[in-house]
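The structure appears right after this line, and notes come after that.
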Amino acid sequence: MGGSKKRKRKEEQRGSKGTAHSENPPDFALLASLYPSFHPFVQFSPPHARPTIDWTDFNAMRELTRVLLHHRHSLTWWIPDGHLCPTVPNRCNYIHWLQRLLSSDIIPRIISSDARVKGFDIGTGASCIYPLLGASLHGWSFVGSDVTDVAIEWAERNVNSNPHISQLIEIRKVQDNESAPCVEIEGSMNGDQITLSKNTDTEIAPLPLDLLACENKNYHGPPILVGVVRDDEKFDFCMCNPPFFESLDEAGLNPRTSCGGTSHEMVCPGGEKAFITRIIEDSTQLKQHFRWFTSMVGKKSNLKYLVSKLWEVGVSVVKTTEFVQGRTFRWGIAWSFLPPVQKSSISLANKKNTSFTLEVQ
């Protein structure tokens, strides 16, 4: 009985992905025939084996991203050497999760009188991948922010290379303020494990955590939302692919892939935990400017701290999800300060009386 329920739940989660990339993995042989520039990177294996590429070759990864964006999304795209090369399927998963959040009736749409959904991409990068996908897939408008001149230049190039959606995307330079206040975070030394549901409809209830202090890590970098979002602006959501790592050495630990990435894209003091903590702190000052605040999370171990931090600052709802593409696992976290309009839910308690609220759709 329990096994059948688990299988059903997994099937529902797989079905909820619903992206072209999850349902139809890239056909490298077809892409190589359609795009001669991609052909040299494709490794044709013995009969009955699927062609592949060298995932540790940055140039192969970049060319795959270029042809996928053109073939499936009619987008013209490029990035300079050394910059973070996004994987299209993973980025599409984030966009589709956002679409489901926005189309749900959990949080009312009272942010904008304009019928068009408006998003804010924190650290859009040279690739500008999220605004390009969001605009082409759903017609969303975007502000994409970044700090470096190179990222701004190439993001604008990618926007201008797609005139059919260029009017939907604004690229905004963030002024690097070295005197920005530090955000201190405390790591958790608690050995207890809490399993967060992979379902995108998971609403996380407040957790009675006992976070023990260890080494403090601070974020002290450029402004993220406060000081970048203008007083008269309102958005349906913000999104972020944060710098996951605390050092470039840590960033280079995965020998199976080569996605590139500059220090600004990959690293910040305190890693993603400190960066997302700053987003949370900023969100407390911008409660009425956003319907949803969201971020990708690279380490599942950070979710417990971040969820606890969110309830500490008084959010009204927290949602989490898991993004799975091949061997890559990422997590999404979303929160809002606006009052939810629907509270049809059931509560499940574990042996330690830690409650989880699962919303019924």
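Each reported figure results from applying straightforward, stated rules to the coordinates on display, with no laboratory input. Quick caveat, the model's predicted, so the values are computed rather than measured. Note: ideal-geometry Cβ built from the backbone for every residue, glycine included; neighbour counts use all protein chains shown.
Summary of values
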| read-out | value |
| --- | --- |
| Efficiency of FRET from Cβ geometry, residue 341 and residue 164, R₀ 45 Å, rounded to 0.05 | 0.80 |
| D_trans [Stokes-Einstein, Kirkwood Rh over alpha-carbon pairs] for region 123-171, 25 °C, 0.890 mPa s, µm² s⁻¹ | 240 µm²/s |
| Modelled FRET efficiency - R0 35 Å, residue 299 with residue 99, Cβ distances, 0.05 increments | 0.90 |
| Label point distance in nm, residue 81-residue 175, each placed 7 Å from Cα along Cα→Cβ | 3.5 nm |
| Distance violations [Cα-Cα > 24 Å] among 287/309; 118/309; 273/319; 287/319; 118/304 | 118/309; 118/304 |
| Where labels lie 7 Å past Cα in the beta-carbon direction, separation of residue 37 and residue 313 in nm | 4.1 nm |
| Full-stretch length increase - residue 232, residue 328 - with 0.36 nm per residue and alpha-carbon distance subtracted | 30.7 nm |
